[in-house]
1. Under a 1.4 Å probe, what is the accessible area of the chain per residue, stated in Å²?
2. Between residue 107 and residue 81, take the C-beta separation as r, use R0 = 30 Å, and let me know the FRET efficiency to the nearest 0.05.
3. With the radius of gyration and the Kirkwood radius both derived from the Cα set of the chain, what is their ratio Rg to Rh?
4. Could you give the length gained on full extension between residue 44 and residue 91, defined as 0.36 nm per residue of separation minus the Cα-Cα distance, in nm?
5. Tell me the carbon and sulfur percent of the accessible area for region 74-124, rounded to whole percent, probe radius 1.4 Å.
6. What's the lysine pair count for the chain at a Cα cut-off below 21 Å, pairs eight or more apart or interchain?
7. If the chain between residue 10 and residue 65 were fully stretched, how many nm would it gain, using 0.36 nm times the residue separation less the Cα-Cα distance?
8. Using 0.36 nm per residue, how much length does the chain from residue 2 to residue 52 gain when fully extended, once their Cα-Cα distance is taken away?
Amino acid sequence: MKVADMALKDALAQGEKLPYLLVRSLSKVTLGPAAGNLETADLTEARFFSAIEEIRIFRQDGALRAVSLREEDGELYADHTYEISNKDFGDRITVRSCLGFDEDGQAYWSGERLAGWKGVDENG
């Protein structure tokens, strides 16, 4: 998985092009289709995602930061799909765990990102 820092403005613009969004703020949590115009005032974390990319915005040391997590060619991964018990948030969410290898050839989980969502208002 390729991880790259992004400017917040660019992250918001690119993130709104992705089909799904998980938002955690001080006042609420939302999960489902991306709907644009993300309010950042009390945002703690936003994760725009698709099958091949996640744009993650998070608060660190009081400021918002953003990174892109993108699938690379030939990457090994495992998808884990979980049923969501609170149906207000949809039916299922998929988390992709990426496999990396150290200098001795030993495998390890190198990162995780959201990769899919299924629910009533699914748009992709």
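The values are calculated or read from the model by the stated rules, or taken from the named source; none is laboratory data. Here the structure is a predicted model, which means the values were calculated and not measured. In this analysis, Cβ positions are derived from the backbone assuming ideal geometry, glycine residues included, and neighbour counts consider all displayed protein chains. When the accessible area is computed, the model is the full protein with side chains, heavy atoms only, and any ligands, DNA or RNA have been set aside. Shrake-Rupley method; radii C 1.70, N 1.55, O 1.52, S 1.80 Å.
1. 61
2. After rounding to 0.05, the efficiency reads 0.90.
3. A ratio of 0.98.
4. Computed gain between residue 44 and residue 91 is 14.5 nm.
5. Numbers: 1550 of 3420 Å².
Whole-percent figure for carbon plus sulfur exposure: 45.
6. Working: 2/17; 9/17; 17/118; 28/87; 28/118; 87/118.
Lysine pair count for the chain: 6.
7. Values: separation 55, 0.36 × 55 = 19.80 nm, distance 1.11 nm.
Extending this stretch completely gives an extra 18.7 nm.
8. Going from the current span to full extension adds 16.9 nm.
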